[in-house]
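The block underneath contains the structure these notes are about, expressed in C-alpha cells.
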Amino acid sequence: MDLILLGAPGAGKGTQGALLAERLGIPKIATGDILRDAVRRGTELGRQAKRYMDAGELVPDEVILGLVRDALREAERGAIFDGFPRNVSQAESLRSILEELGRRIDAVVSIDVPSEKIVRRMTGRRTDPETGLVYHLEHNPPPAEVRDRLVQRDDDREETVRHRLEVYRTTTEPLVAFYRESGVPLYAVDGDRAIDQVQGEILELLERNTPVGS
Ligand code: ADP
Ligand code: ADP
C-alpha cells in the first residue's frame, strides 16, 4: 500500500507515520528526515539543502525526487510518504515514479490541526538523535533517561515556523484539491486530539476502505 500523509508542519505526520509504519510493516519515507540526516553527516546534499531548510523554504524538486527514487528501492511493498509531495509538481512526479513500478497512491490522509495550535506543537518538539523518535515536552513527554540528549530542530524557531506555515498554505495545501480531482481516496482526520485517538481513526479509515492485500 502506498499512502500519503498530508498536513501542516507540526500536524503530526511524523508521529502518525512512525506508528503506521510499524503497524502496517511498510517503511516511512520522510523527506525531511532524509535531508536532516544528510545535513548531520555533512554531505554535499546536506550542505545544499540546509540553507533552504533554515529559511523555511522548500528544497528544489529535483533534489527531493532523487531522494525519493532511492528510498523507494527499499520499499517494494509500499511506503508511507511523510512530508512528500509538497507541491503539485512533486505530486505529478510521484504519480509517474509509482506508475513505472506498476503502483499508484492508494490513499491520502490529511491531518488537520488549527494554525494557532501548530506553533506550540513545534516549539515543544524535541527529537532523540539516537533513535529518531519525536517527543513533545508537554503532550508526549520523553522518558527521563533520554531527556538530556534530546535536540531541538534549527527550523523550529517561531519565526521560521510561521514562514513554513505560509509555504504550506500556498504551496502544499492545494494538493488536497489535486488528489480530490484525481479521484484518489482522500480522508481528512481531525489531528487536534490525542495521538492514539488520531492513530485509531486513521487505521479505522484504512481498514474500512482498503481491500485486503493491497
Ligand atoms: P515538518 O515535518 O515540520 O513539516 P519536514 O521535516 O517535512 O517538516 O521538512 C523540513 C524542511 O525540509 C522543509 O521546511 C523543507 O525545507 C525541507 N523539505 C522536506 N521535505 C521536502 C519536500 N518534499 N520538498 C521540498 N522540501 C522539503
Ligand atoms: P509533523 O511531522 O507533521 O511536522 P510531528 O509528528 O513531528 O509533526 O509532531 C509535531 C510535534 O507535536 C511533536 O513534538 C509531537 O510529539 C507533537 N504531537 C504530534 N501529534 C500530537 C497530538 N495528537 N497531540 C499533541 N501533540 C502532538
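The values are calculated or read from the model by the stated rules, or taken from the named source; none is laboratory data. Fair warning: this is a prediction, and the values are worked out from it, not measured in the lab. All Cβ positions, glycine included, derive from the backbone under ideal geometry; neighbour counts span all protein chains shown. These accessible areas exclude ligands, DNA and RNA; they are computed on the full protein's heavy atoms, side chains included. Shrake-Rupley method; radii C 1.70, N 1.55, O 1.52, S 1.80 Å.
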| Does ALA107 fit the bill of being under 17 Å from THR31 (Cβ atoms) and either under 17 Å from the mean Cα position of the chain (by Cα) or β-branched (Val, Ile, Thr) (or both)? | no
| query | ASP33: open to solvent by 30 Å² or more (accessible area, probe 1.4 Å), within 21 Å of ASP154 (Cβ to Cβ) and within 15 Å of ligand 2 (Cβ to nearest atom), yes or no? | reply | yes
| query | Among the residues of the stretch 49-57, is there at least one that is surrounded by fewer than 22 Cβ atoms within 10 Å (Cβ to Cβ) and within 30 Å of GLN197 (Cβ to Cβ)? | reply | yes
| Taking the stretch 1-19 as the search range and keeping residues that are crowded, with 23+ Cβ neighbours inside 10 Å, within 13 Å of ligand 2 (Cβ to nearest atom) and hydrophobic (A, V, I, L, M, F, W, C), which one is nearest to LYS117 (Cα to Cα)? | ALA11
| note | Among strands (runs of 3 or more DSSP E) completely within the stretch 108-214, the ones holding 3 or more residues that are at pLDDT below 95 and open to solvent by 80 Å² or more (accessible area, probe 1.4 Å) are none
| said: Name the single residue that is farthest from ligand 1 (Cβ to nearest atom) among those in the stretch 70-88 being open to solvent by 30 Å² or more (accessible area, probe 1.4 Å) and within 23 Å of GLY10 (Cα to Cα). | reply: VAL88
